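Down below is the structure, laid out as structure tokens.
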Amino acid sequence: MEATAVTTPVKIILGSSSIARRKILAEMGYEFTVTSADIDEKCIRKEKPEELVMALAEAKANAIIDKLQADNNQEKDAEFTILIAADTVVVYEGAVREKPSSEEEARAFMKGYSGGHAATVSSVLVTNLKTGFSKVEYDRVEIYFHEIPDEVIDKLIEEGLVLRVAGGLIIEHPLIVPYVKEVVGTTDSVMGLPKALTEKLLREAL
């Protein structure tokens, strides 16, 4: 279901500064505006990665809703205003990995994936700001790697993108693609916005 298929005007807000999430939502055929939540993610801790990503998405959504209510002109031009919030973490050997804190940590992360396995857990929360409907779910993807040469890791770190993503994990990058052995799940989920789950929650919210 594309946004144009909805007869009632719908304004969608993507509550994320992630370029990958913007790209995915645009690919899905939706028009949207972007705002980001200014929260301290490190303050939110949960034992299970699934609980963590859902709690982080909820915290982001709450912060954005507070921001919108402070400037309530935002939602006057649409029949429905839908907010999409999301979060992603990498799980490696049972431990949750967020964005690398340094180049050294990013290198250590990628050396661990080399010839090994990691998973991503991504949450999506959709809130209908008119009706109050809000629902959050998660999606998990398993990723298996061939050995990744040190020079490839060095190039990725030099480029800098791996420092800005959860777990320093990128599977769609041209340098990494040849070393991805198997993905059990979808690339869009690894990139931070599982399309099927997002569509499902949007349908429920409308």
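The values are calculated or read from the model by the stated rules, or taken from the named source; none is laboratory data. Note that this is a predicted model, so its numbers are computed, not measured. Cβ placement follows ideal geometry from the backbone for every residue including glycine, while neighbour counts extend to all protein chains displayed. These area figures cover heavy atoms from the full protein model, side chains too; ligands, DNA and RNA do not enter into them. Shrake-Rupley method; radii C 1.70, N 1.55, O 1.52, S 1.80 Å.
Which members of region 4-63 meet the condition of being more than 17 Å from Ile84 (Cβ to Cβ), in contact with a Leu (Cβ under 9 Å, 6 or more places away or on another chain) and part of a helix (DSSP H, G or I)?
Of everything in region 4-63, just one residue is more than 17 Å from Ile84 (Cβ to Cβ), in contact with a Leu (Cβ under 9 Å, 6 or more places away or on another chain) and part of a helix (DSSP H, G or I), namely Glu41.
Would you check if Glu182 is surrounded by fewer than 22 Cβ atoms within 10 Å (Cβ to Cβ), part of a helix (DSSP H, G or I) and modelled with pLDDT of 95 or more? Walk me through it before giving the result.
Details: surrounded by fewer than 22 Cβ atoms within 10 Å (Cβ to Cβ): yes; part of a helix (DSSP H, G or I): no; modelled with pLDDT of 95 or more: yes.
No: the conditions fail for Glu182.
Filter region 133-159 down to the residues that are of a type in the set (A, V, I, L, M, F, W, C) and part of a helix (DSSP H, G or I), then identify the one that is farthest from Thr88 (Cα to Cα). Spell out the reasoning first.
To start, the set of residues in region 133-159 that are of a type in the set (A, V, I, L, M, F, W, C) comprises 133, 136, 141, 143, 145, 148, 152-153, 156-157.
Subsequent filtering for residues that are part of a helix (DSSP H, G or I) retains 152-153, 156-157.
On the way: Val152: 24, Ile153: 22, Leu156: 20, Ile157: 20 Å.
Residue satisfying both the conditions and the ranking: Val152.
Considering only residues that are touching a residue at least 12 places away in the same chain (Cβ under 8 Å) and assigned to a helix (DSSP H, G or I), which ones fall in region 160-177?
Result: Leu161, Val162, Leu163, Arg164, Ala166, Gly167, Gly168.
Take region 41-69 and flag every residue that is farther than 25 Å from Lys130 by Cα and either open to solvent by less than 80 Å² (accessible area, probe 1.4 Å) or of a type in the set (S, T, N, Q) (or both).
Of region 41-69, the ones farther than 25 Å from Lys130 by Cα are 41-52.
Of everything in region 41-69, those that are farther than 25 Å from Lys130 by Cα and either open to solvent by less than 80 Å² (accessible area, probe 1.4 Å) or of a type in the set (S, T, N, Q) (or both) turn out to be Glu41, Ile44, Pro49, Glu50, Leu52.
Report the residue count in region 166-179 for those that are β-branched (Val, Ile, Thr) and modelled with pLDDT of 95 or more. Break it down stepwise before answering.
So in region 166-179, the residues β-branched (Val, Ile, Thr) come out as 170-171, 176-177.
Of the ones still in play, those that are also modelled with pLDDT of 95 or more are 176-177.
Qualifying residue count for the region: 2.
Quickly run through region 152-174 and pick out the residues that are under 15 Å from Lys23 (Cβ atoms) and open to solvent by less than 50 Å² (accessible area, probe 1.4 Å). Spell out the reasoning first.
Keep residues of region 152-174 that are under 15 Å from Lys23 (Cβ atoms), which gives 161, 164-165, 170-173.
If the condition is that a residue be under 15 Å from Lys23 (Cβ atoms) and open to solvent by less than 50 Å² (accessible area, probe 1.4 Å), then Val165, Ile170, Ile171, His173 are the ones that fit.
Consider Val177 against the criteria (1) open to solvent by 10 Å² or more (accessible area, probe 1.4 Å); (2) within 17 Å of Glu50 (Cβ to Cβ): it satisfies all of them except one. Which criterion is unmet?
Single failed check for Val177: (2).
With Glu98, Glu104 as the choices, which residue is surrounded by fewer than 21 Cβ atoms within 10 Å (Cβ to Cβ), within 16 Å of Gly167 (Cα to Cα) and modelled with pLDDT under 95? If you could, list the steps in order and put the result at the bottom.
Working: Glu104 fails: modelled with pLDDT under 95.
Sole residue among the options that is surrounded by fewer than 21 Cβ atoms within 10 Å (Cβ to Cβ), within 16 Å of Gly167 (Cα to Cα) and modelled with pLDDT under 95: Glu98.
Considering region 185-196 alone, what residues qualify as being in contact with a helix residue (DSSP H, G or I) (Cβ under 8 Å, 6 or more places away or on another chain) and open to solvent by 10 Å² or more (accessible area, probe 1.4 Å)? Don't jump to the end; show me each part of the working.
Filtering region 185-196 down to residues in contact with a helix residue (DSSP H, G or I) (Cβ under 8 Å, 6 or more places away or on another chain) leaves 186, 188-189, 191-195.
Residues satisfying the conditions are Thr186, Asp188, Met191, Lys195.
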